[in-house]
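The values are calculated or read from the model by the stated rules, or taken from the named source; none is laboratory data. Just so it is clear, the model here is predicted, and its values are computed rather than measured. Cβ: placed from backbone, ideal geometry, glycine included. Neighbour counts: every protein chain shown.
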Amino acid sequence: MQKKSNVLTISITSIILIFILEFILYKEISFFHTTNVFFYPAGICLIIGLFSLVIRSGAFDFFYYSFKKATRRLRKNNLEDESNLSVSYLSKTFGTYYLFFIKVGSILMTISLMALIGHYLF
């Protein structure tokens, strides 16, 4: 329950701060400005979260292993130590924090899209 409430408190705090920022910048709160102001933090959170998800899925593990092997070969200039190369995966270094960024970014993007729909309907 702690993690779920943490996502909700960060999301609600972000929403309040973004509305305050919108009011300070534009002196009004409208659908159009809400769409623009909410899109940037939502995009940043989603980019961080989705990039971390791709790395966590293991897409770059072989590249990381090959790069580690090549740099070790360049540093030592000998080939007999290749069998002693420990296999460590890049995906194991990333935790599950990407879910936090995806959830917060999704909430902010939903508000941005709802404001965009409101702008075109009203």
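Quick rundown of the values:
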quantity	calculated
Residue list for region 39-50, restricted to those being touching a residue at least 24 places away in the same chain (Cβ under 8 Å) and under 16 Å from MET114 (Cα atoms)	PHE39, PRO41, ALA42, GLY43
Some residue of region 21-38 being under 15 Å from ALA115 (Cβ atoms), small (Gly, Ala, Ser) and under 19 Å from the mean Cα position of the chain (by Cα)	no
Wholly enclosed helices (runs of 4 or more DSSP H) of region 1-94 bearing at least 2 residues at pLDDT below 95 and within 20 Å of MET109 (Cβ to Cβ)	2-26, 31-56
Test: PHE38 is over 29 Å from TYR89 (Cβ atoms), touching a helix residue (DSSP H, G or I) at 6+ places or on another chain (Cβ under 7 Å) and crowded, with 17+ Cβ neighbours inside 10 Å	yes
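To keep it simple, each residue is scored yes or no on (1) over 22 Å from TYR98 (Cα atoms); (2) free of Cβ contacts under 8 Å to residues at least 12 places away in the same chain; (3) of a type in the set (Val, Ile, Thr).
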position: ILE24; (1), (2), (3): yes, yes, yes
position: ILE29; (1), (2), (3): yes, yes, yes
position: SER52; (1), (2), (3): no, no, no
position: ARG56; (1), (2), (3): no, no, no
position: PHE62; (1), (2), (3): no, yes, no
